[in-house]
1. How would you order 277-290, 66-79 from highest to lowest mean count of nearby Cβ atoms within 10 Å?
2. Compute the signed sum of charges (Lys and Arg +1, Asp and Glu -1) over the other residues within less than 11 Å, Cβ to Cβ, of residue 122.
3. Decide, for the stretch 103-216, between rounded, prolate and oblate: order the square roots of the alpha carbon gyration tensor eigenvalues as a ≥ b ≥ c, take rounded if a/c falls under 1.5, and otherwise choose prolate if a/b is larger than b/c, else oblate.
4. Ranking request for peptides 237-244, 116-123: highest mean number of other beta-carbon atoms within 10 Å first, then the rest in descending order.
5. Taking square-rooted eigenvalues a ≥ b ≥ c of the alpha carbon gyration tensor, is the stretch 160-251 rounded, prolate or oblate, where a/c under 1.5 means rounded and, failing that, a/b exceeding b/c means prolate?
6. If you roll a 1.4 Å probe over the heavy atoms of the protein chains, what accessible area per residue do you get for the stretch 173-254, in Å²?
7. Take the solvent-accessible surface of the protein heavy atoms, probe 1.4 Å, and return the percent of it on the stretch 226-301 that carbon and sulfur atoms account for.
8. Pairs to check: 153/228; 93/260; 137/228; 104/197; 212/275. Give those whose C-alpha atoms are more than 27 Å from each other in this structure.
Amino acid sequence: MNACKCSVLICLLLSAVGPGTWGHVAAHKPNISQVIPIWLRHFPLIWLPVIQTLAENGNAAAKAKYEVVMPIYYYRPRRNDCQVLKEEWVKAKYERQEFVDPMKKQSYQEEVREGWLMKLGRDNGLFLKRKFVLREKDGKLKYYPKEDEKDPKAVINVETMNPTFQPEKIGHRNGLQITYQKEHRTRNLFLYHEDGKEIVDWFNTIRAVQFKWLKLAFPAEGDQELLKRLPRNFLKEGFMEKTGPKKTESFKKRWFTLDKRRLLYFCDPLDAFPKGEVFLGHKDNGYSAGLGLPKGTESNGAWKHGITLDTPKRCYLFTCESEGDQKDWLDHFNAIINTAMSPHDYAQESLLKHK
């Protein structure tokens, strides 16, 4: 029977990437004969002190070696992030060792990035190949229908962009949604690339350009404060039913996206433009959210778990499919309404009022 010279504990994030990466670890450490993700099998309680020691010291040692020159804007995936972000993070850190050599420039650090991405057509519902060009100097992302096109189909200011990975919504494991402002109106682009590294590098290139422009716009702010202004995942998305302002109209199923203080609703999750937007301000300014619908309101839709959202402009009525979904939406609404507004929030509120 072969003896195991050394045991390697693999975190859930690394184990999810697949055996190929575990093999890579073993190949670079000849004294390691087995790499075992501990969640796949029960281990004795005697291992607990070892795990505690690794938790206290292992990450620090790994960061000191593999994250020497990791850019501050590079996205570090979280537990609930999609698989491609986790995979490419592990590969970038351990396989490609992108954050070790300060003299080696990565693709997301280039001043100009261009390439082909599959983009969902706004009207035809088909994914077609489009050329994208991102320039740090002017802070603009442009895309072209063809290689030799002189005039771009769209010019997008990176300061208004919020890229988020949406594999389930887009129907591709590398699906990326870019939300931005076009003439004071929200616009969605739905993209993907077959290569996971390519789409993640596009994502981090956008973050790199945004971060550099933020440093120019807010020179007094520290790097950690500027990070809070970078792209973020939506707080919540999902279906609810909604009635019109007269409240006599039937409840209709809509797709909702909660992006900080902006609640957007669409006929379909892959719509390019929202049907409407609702700003969620502070409770002291006439905003509130509560369970149920006003007396006399007839919930003529399929769902019966109501929410009433009051704003200074109007009252919005929603219904949810389940009690759990109702509570989750309401908790998100009230968390925002109970949070103090920033100067940027007041500017957004004013903009939406004058649409």
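1. 277-290, 66-79
2. Neighbour charge sum, excluding residue 122 itself: +1.
3. Rounded.
4. 237-244, 116-123
5. Since a/c reaches 1.5 but b/c is at least a/b, the shape of the stretch 160-251 is classed as oblate.
6. 48
7. 47
8. 153/228; 93/260; 212/275
The values are calculated or read from the model by the stated rules, or taken from the named source; none is laboratory data. These figures come from a predicted structure and were not determined experimentally. No Cβ is skipped: glycine too gets one built from the backbone with ideal geometry, and neighbour counts run over all protein chains shown. Remember, those area values only see protein heavy atoms, side chains included, never the ligands or the DNA or RNA. Shrake-Rupley method; radii C 1.70, N 1.55, O 1.52, S 1.80 Å.
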